[in-house]
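Novice: I'd like to ask you about the structure that follows.
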Amino acid sequence: MAKSDWVATAVVCQRLGISDKHLWKLRDEGLLKQGQHWRNIARPQAARATYRWHLKRCEQALEIPPELRG
């Protein structure tokens, strides 16, 4: 997997055409899973998380119709 597959929150939101609030909602609802769709790259002692998103996998997850998401 290329390093460029993992992008910052602003980039994934722009490419997917969604807000960051909607992105967090998808993560919190379990559609986007840690390790597969997103990861925290911050150091353990960091005060805030720094997220990277796998753009292609996020796009694939959003292609699933809402009524079929489980």
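The values are calculated or read from the model by the stated rules, or taken from the named source; none is laboratory data. Keep in mind the model is a prediction, meaning the values are calculated, not measured. Neighbour counts are summed over all protein chains in view; Cβ atoms, including those assigned to glycine, are modelled from backbone coordinates with ideal geometry.
Novice: Could you check PRO44 against (1) modelled with pLDDT under 95; (2) touching a Phe, Trp or Tyr at 6+ places or on another chain (Cβ under 6 Å) and say which number it fails?
Specialist: All conditions are met except number (2).
Novice: Pick from segment 8-22 the residues that are in contact with a strand residue (DSSP E or B) (Cβ under 8 Å, 6 or more places away or on another chain) and within 15 Å of ALA61 (Cβ to Cβ): which of them is surrounded by the most Cβ atoms within 10 Å (Cβ to Cβ)?
Specialist: VAL12
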